Ligand SMILES: Cc1cc2nc3c(=O)[nH]c(=O)nc-3n(C[C@H](O)[C@H](O)[C@H](O)COP(=O)(O)OP(=O)(O)OC[C@H]3O[C@@H](n4cnc5c(N)ncnc54)[C@H](O)[C@@H]3O)c2cc1C
């Protein structure tokens, strides 16, 4: 494996929006980009190329491993924030900057990205090309909708600044949900949102999915700042509302879920709560929503000795990747005479009015709990060809991340979910396993629009196409 190196990592710097000489971090960034471009152009045609990233939040482990000839582009120099413009409320950010670093750079200015995906190592480039989401998405849409412009290294080896209008608008609009197959985002300018030091949380409990759905519609129409939800069982639903506040209500506690307390359990016990804005944004990361329970981390005796710095989503994901690679859990199950398990890890978008039907079918046929709910709506009239959502229509993202015993076909439950989503006018995101046949896939993800942009920016087929990548693991 050969490697291409760029070594300067940018750090945050503030400007006031006035014209200035090129800053140190920007010069450093430009040097890294120039080195990366040179290195990419030197890769012989036909040699597979991959992003050399230390972390990933993909959930496809079945793909072909990188061959000895694969070139991994070293992106370690693209992990920082180049500049925060406090006055304009924008930031220039390197493509592989994690949201953990991005938030650390913007919060001191009283600002945050409009949407901050919950897992600390999700990168800005990954969330734009792979569609992130969070509890501000009912108002601010998905992360790509607050991108002002982005520099993309195209598969043909050009550096292109893609903007919503003009000659590169096709790339700008097709980039979300292209999973790196139309090139790599090296710099993105994004809008930022002012924050307050605290978030007041109210967890509303509902017995039925119909009641919870009605509450989502009502609460997202009210002047609140964050909305998401959690389904513990078919008759226990929570809709959690967050509001920016300057200070906690007098006498109220400010909670901390990075210690012995586990955030998702607090929904059932603490109807009103306060968190710092920092802890609110990372409330789900410490226990990877609830998925840390698979490692025993929620058992007090284990939690006490599990080092705090390892209570993070990227640590748990690495453990799952290891298990998947070696099929450890399934080997043990086989040895014990138990059925093997099918991973059912998906996030799907369902039009809000169809949510109760989706949940009823899901509980009956799949049965994973808890389930995460997150309302979302496109910010305006602009649509995105590779992920066809309707403007002025609210959807709810339903996330479920666990496994179920295999009783029939190896991917029976995943196929069931794909069919159910289609029958309810929804779609699913592509970060996890994909089981559509090729024709069905292109029908659902706008093959004609994709092919036109792919042909323009990757005429020689330098990077795999979207179906090859997400259907075959990448
Ligand atoms: C259990 C689970 C729960 C999840 N829940 C959420 C959630 O609640 N909210 C949420 O927002 N997301 C969630 N995700 C999905 C996550 O946002 C996506 O997988 C996202 O693409 C990951 O970004 P990453 O930076 O880790 O990218 P990677 O995992 O490294 O890469 C993802 C893809 O993007 C490509 N890519 C990465 N960087 C770039 C770039 N700069 N330019 C072009 N292409 C690039 C890669 O080639 C790859 O195909 C979840 C994922 C899992 C596994």
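The values are calculated or read from the model by the stated rules, or taken from the named source; none is laboratory data. The shown structure was predicted, so the numbers you read here are calculated from the model rather than taken from an experiment. FYI the Cβ positions are ideal-geometry reconstructions off the backbone, even for glycines, and counts take in every protein chain you see.
Remarks
- Residue under evaluation residue 55, criteria (1) crowded, with 19+ Cβ neighbours inside 10 Å; (2) within 13 Å of the ligand (Cβ to nearest atom); (3) touching a residue at least 60 places away in the same chain (Cβ under 8 Å); (4) under 21 Å from residue 285 (Cα atoms), criterion not met: (1)
- Unmet requirement for residue 339, which otherwise passes all of (1) under 21 Å from residue 177 (Cβ atoms); (2) touching a strand residue (DSSP E or B) at 6+ places or on another chain (Cβ under 6 Å): (1)
- Every residue from region 175-189 that is more than 8 Å from the ligand (Cβ to nearest atom) and either surrounded by fewer than 24 Cβ atoms within 10 Å (Cβ to Cβ) or at pLDDT below 95 (or both): 176, 189
- Residue ID - farthest from residue 106 (Cα to Cα), chosen from residues in region 196-211 that are buried (at least 20 other Cβ atoms within 10 Å of the Cβ) and in contact with a helix residue (DSSP H, G or I) (Cβ under 8 Å, 6 or more places away or on another chain): 209
- Against the conditions (1) assigned to a helix (DSSP H, G or I); (2) within 12 Å of the ligand (Cβ to nearest atom); (3) touching a strand residue (DSSP E or B) at 6+ places or on another chain (Cβ under 8 Å), residue 470 satisfies every one except (3).
- Subset of region 387-414 (residues that are in contact with a helix residue (DSSP H, G or I) (Cβ under 6 Å, 6 or more places away or on another chain) and either assigned to a loop (DSSP other than H, G, I, E, B) or modelled with pLDDT of 95 or more (or both)): 394, 396
- Hey, residue 357 within 16 Å of the ligand (Cβ to nearest atom) and in contact (Cβ under 8 Å) with a residue 60 or more places away in the chain or not: no
- The single condition among (1) modelled with pLDDT of 85 or more; (2) within 16 Å of the ligand (Cβ to nearest atom) that residue 83 does not meet is (2).
- Region 103-121, residues that are touching a strand residue (DSSP E or B) at 6+ places or on another chain (Cβ under 7 Å) and either within 11 Å of the ligand (Cβ to nearest atom) or not in a helix (DSSP H, G or I) (or both): 110, 111, 112, 113, 114, 120, 121
- Residue that is modelled with pLDDT of 90 or more and surrounded by fewer than 16 Cβ atoms within 10 Å (Cβ to Cβ), where the choices are 328, 259: 259
- Every residue from region 230-242 that is buried (at least 16 other Cβ atoms within 10 Å of the Cβ) and assigned to a strand (DSSP E or B): 230, 231, 232, 236, 237, 238, 239, 240, 241, 242
- Test: residue in region 317-335 that is in contact with a helix residue (DSSP H, G or I) (Cβ under 9 Å, 6 or more places away or on another chain), on the phi < 0 side of the Ramachandran plot and not in a helix (DSSP H, G or I): no
- Any chance residue 127 is under 13 Å from residue 188 (Cβ atoms), more than 10 Å from the chain's Cα centre (by Cα) and either without any contact (Cβ under 8 Å) to a residue 40 or more places away in the chain or near the ligand (Cβ under 9 Å from one of its atoms) (or both): no
- Restricting region 442-467 to residues that are in a loop (DSSP other than H, G, I, E, B) and within 16 Å of the ligand (Cβ to nearest atom), the residue that is surrounded by the most Cβ atoms within 10 Å (Cβ to Cβ): 463
- Residue check for residue 430: within 12 Å of the ligand (Cβ to nearest atom), within 29 Å of residue 227 (Cα to Cα), at pLDDT 95 or above and under 20 Å from the mean Cα position of the chain (by Cα): no
- Check on residue 352, within 30 Å of residue 146 (Cβ to Cβ), more than 16 Å from the ligand (Cβ to nearest atom), touching a residue at least 40 places away in the same chain (Cβ under 8 Å) and buried (at least 19 other Cβ atoms within 10 Å of the Cβ): yes
- Test for residue 253: is it in a helix (DSSP H, G or I), over 30 Å from residue 32 (Cβ atoms), out of contact with any helix residue (DSSP H, G or I) (no Cβ under 6 Å at 6 or more places or on another chain) and free of Cβ contacts under 8 Å to residues at least 60 places away in the same chain: no
- Taken together, 303, 270 contain a single residue that is at pLDDT 85 or above, over 17 Å from residue 56 (Cα atoms) and in contact with a strand residue (DSSP E or B) (Cβ under 9 Å, 6 or more places away or on another chain), which is 270.
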